[in-house]
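Asks: If you scroll down you'll find the structure; I have some questions about it.
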Amino acid sequence: MTNATMIVTCSGGTYFDRDYYVDVHLPLALASWQKHGLESAAAFFPRDADAVDVSVGIYRFRDEAALHAALASAETDAVMADVPRFTDANVSRIIGAPLQE
């Protein structure tokens, strides 16, 4: 089995609370999705203050089935409802898996 990664970018917007994202939102996502196979969550922020993306979240799941199970779960509503508490940016999700060599 190959793990799967969901990359979440926040772009634009008028506000982004980094502390809330790291201290509240990531733990909420972990608590909500760990039972479905989320193994880790991390936040990255651009060094350039003028960057289009204001944050990048990396959510690593046991495998692609776990990722889809988490997104389809009832807990996802709470995770998504939390987003306006830290940003009004456009949120984009990309799902990826490691390249096979």
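Asks: Among the residues of segment 49-71, which ones are among the aliphatic types (A, V, I, L, M) and open to solvent by 10 Å² or more (accessible area, probe 1.4 Å)?
Replies: Once the filter is applied, which keeps residues that are among the aliphatic types (A, V, I, L, M) and open to solvent by 10 Å² or more (accessible area, probe 1.4 Å), segment 49-71 yields 49, 51, 52, 54, 56, 58, 65, 69, 71.
Asks: Out of the residues in segment 15-39 that are farther than 16 Å from residue 80 by Cβ and not in a helix (DSSP H, G or I), which is farthest from the chain's Cα centre (by Cα)?
Replies: For segment 15-39, the residue satisfying everything is 15.
Asks: Looking at (1) more than 13 Å from the chain's Cα centre (by Cα); (2) in a strand (DSSP E or B); (3) small (Gly, Ala, Ser), which is the one condition that is false for residue 66?
Replies: Every condition holds for residue 66 apart from (2).
Asks: Looking at (1) closer than 25 Å to residue 99 by Cα; (2) more than 14 Å from the chain's Cα centre (by Cα); (3) part of a helix (DSSP H, G or I), which one does residue 2 not meet, given that it meets all the others?
Replies: Unmet for residue 2, out of (1) closer than 25 Å to residue 99 by Cα; (2) more than 14 Å from the chain's Cα centre (by Cα); (3) part of a helix (DSSP H, G or I): (3).
Asks: Considering segment 1-48 alone, what residues qualify as being surrounded by 12 or more Cβ atoms within 10 Å (Cβ to Cβ), aliphatic (A, V, I, L, M) and closer than 16 Å to residue 70 by Cβ?
Replies: Once the filter is applied, which keeps residues that are surrounded by 12 or more Cβ atoms within 10 Å (Cβ to Cβ), aliphatic (A, V, I, L, M) and closer than 16 Å to residue 70 by Cβ, segment 1-48 yields 4, 6, 7, 8, 26, 28, 29, 30, 31, 38, 41.
Asks: If residue 89 meets every condition in (1) among the aliphatic types (A, V, I, L, M); (2) open to solvent by 40 Å² or more (accessible area, probe 1.4 Å); (3) touching a Cys at 6+ places or on another chain (Cβ under 9 Å) apart from one, which number is that one?
Replies: Every listed condition holds for residue 89 apart from (2).
Asks: Kindly indicate which of 78, 74 is farther than 28 Å from residue 98 by Cβ, without any contact (Cβ under 8 Å) to a residue 40 or more places away in the chain and either open to solvent by 40 Å² or more (accessible area, probe 1.4 Å) or of a type in the set (Ser, Thr, Tyr) (or both).
Replies: 74
The values are calculated or read from the model by the stated rules, or taken from the named source; none is laboratory data. This one's a predicted model, so the numbers in the text were calculated from it and none came from an experiment. Please note: Cβ atoms are built from the backbone with ideal geometry, for glycine as well, and neighbour counts cover all protein chains shown. Side chains included, ligands, DNA and RNA excluded: accessible areas come from the protein's heavy atoms. Shrake-Rupley method; radii C 1.70, N 1.55, O 1.52, S 1.80 Å.
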